[in-house]
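Everything below concerns the one structure shown next.
The values are calculated or read from the model by the stated rules, or taken from the named source; none is laboratory data. On a predicted model such as this, the values are computed, not experimentally measured, just so you know. Note that each Cβ is placed from the backbone with ideal geometry, even for glycine, and that neighbours are counted across all protein chains shown.
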Amino acid sequence: MPAVHQAAPSTASGMQAIPCEPLKPAPVPCSNKVMIRPATKADLPALLDIEARAFSGDRLSSRSFRHLLTKAHARTLIAEDDAGTILGYTSLLFHQGTWIARLYSLAVAPEARGKGLSRPLLDAAIEAARGEDCAVLRLEVREDNLAARHLYEKAGFRRFGVHESYYEDGERALRLEKSLAEAPRPTVRTLPYYAQTLDFTCGPSALMMAMRALDPASPLDRREELRLWREATTIFMTAGHGGCSAHGLALAAWRRGFEVEIFVNDDNALLLNSVRGTEKKEVVQLVHEDMVEQVEAAGIPVTRGVLGLSALVERVTAGEVPLVLVSTWRMAGEKQPHWIAVSDVDEHFVYVNDPTVYDDRTEGDSIRMPIARPEFERMARFGRGQQKAAVVIKGRRHQS
């Protein structure tokens, strides 16, 4: 997939087609002779011309621009002089179910460089993201593009990761983000990231991220992902391979020397009502009862209740990593149980590492994904019984 400038690797034509209301603000002056306004389909030839002259590779195609301007949940803004000449543009993407905006591209015509257009275009993109109630604005920039890196750093972007061999020529990208909160905190916590490789291994993948954050020697690979799944699975889910229970994940972490705690609001097997068939239900219940006995024998504390937001803040502040069962309905439009790892919490958002990389997003969108606090509370439950579950990974146990 082509990488674009200081932007995302996926082509615009591969983005999710989500209709949105067109942006209709008055043009914003960025100098005495230049205005920034929303782009229209009539601007396509000028945008393609800038693209061809501004970049030697990784260019956006006519099809990609058309998608950005007509179908994508996106905003494209242009800088235009008083003669109607388009001198630069910037494009943003917004994703359903997240509070992340992505700076997809920013370009200035060669003849307009050095005239101070990049910063006003970037500022306009930041305000457009705020206008969509986004929590963060993210982008990718070539590591060797020092001018662009300086622009973003001066605007308050900070590095949160890298992407190897991101561009056509093999150059890697730095991942940058800017908090759009009025008073962002000076420090944030980012967990190591691992993308699940199978539909049913979200629990092991979230657990690996938590253990790696607390112990850099913990494995972060597919062999460990499958090992953990075999230990933590309850055999059956609604169909196909089984998911992992809170007790199973806690036992897997405990066996690897970690101190853990379980929170459940129901003593029954997790998601039992979703399992099809009496025989399968009996198997899940038997596995659950066996895990409960193993948890008791190990002395793992189990709280019959909910890990609420205030407790979540306390655990994260203490350096612990909560794994929380959520429904994917609000993130992906599907009602599936799903484990995520909580990275951080602030006044407005819960930040999570989601093991799933969704089709219309990149891996970076699943790292420190911001979810509004009220939305997170609605997501952190599943099924008709509104079952809630969390496993808190606290760090290595002290050996006596």
Original post:
Looking at the range 249-289, which of its residues are among the β-branched types (Val, Ile, Thr) and farther than 15 Å from Glu320 by Cα?
Top reply: Val264, Val275, Thr278, Val283, Val284, Val287
**OP:** Pick out the one residue from Ala213, Ala125 that is closer than 22 Å to Ala79 by Cα and assigned to a helix (DSSP H, G or I).
**Re:** Ala125
Subject >> Output for the range 261-316, where each listed residue is part of a loop (DSSP other than H, G, I, E, B), modelled with pLDDT of 95 or more and surrounded by fewer than 17 Cβ atoms within 10 Å (Cβ to Cβ) >> reply: Gly299, Pro301
Subject >> the range 162-175 residues that are over 12 Å from Gly364 (Cα atoms), paired with ones that are among the aliphatic types (A, V, I, L, M) (beta carbon under 6 Å, 6 or more apart) >> reply: Tyr166/Ala3; Tyr166/Ala173; Tyr167/Ala3; Arg172/Val162
Subject >> Every pair of residues 6+ apart whose Cβ atoms lie under 7 Å, when the first sits in the range 121-145 and is more than 26 Å from Glu80 (Cα to Cα) while the second is charged (D, E, K, R) >> reply: Val136/Glu177; Val136/Lys178; Arg142/Glu171; Glu143/Glu171; Glu143/Arg172; Asp144/Glu171
Original post:
Inside the range 147-166, can you point out the residues that are touching a strand residue (DSSP E or B) at 6+ places or on another chain (Cβ under 7 Å) and part of a loop (DSSP other than H, G, I, E, B)?
Top reply: Ala155, Gly156, Phe157, Tyr166
Original post:
Regarding Ser343, is this residue under 30 Å from Tyr104 (Cα atoms) and in contact with a Gly (Cβ under 9 Å, 6 or more places away or on another chain)?
Top reply: no
**OP:** Would you list the strands (runs of 3 or more DSSP E) that sit entirely within the range 53-122 and hold 3 or more residues that are at pLDDT below 90 and within 25 Å of the chain's Cα centre (by Cα)?
**Re:** none
**OP:** Pick out, from the range 335-400, the strands (runs of 3 or more DSSP E) lying fully within it that include 3 or more residues that are under 20 Å from Ala252 (Cβ atoms).
**Re:** 337-345, 389-396
Original post:
Looking only at residues in the range 216-246 that are of a type outside the set (A, V, I, L, M, F, W, C), assigned to a loop (DSSP other than H, G, I, E, B) and in contact with a strand residue (DSSP E or B) (Cβ under 8 Å, 6 or more places away or on another chain), which one is modelled with the lowest pLDDT?
Top reply: Gly242
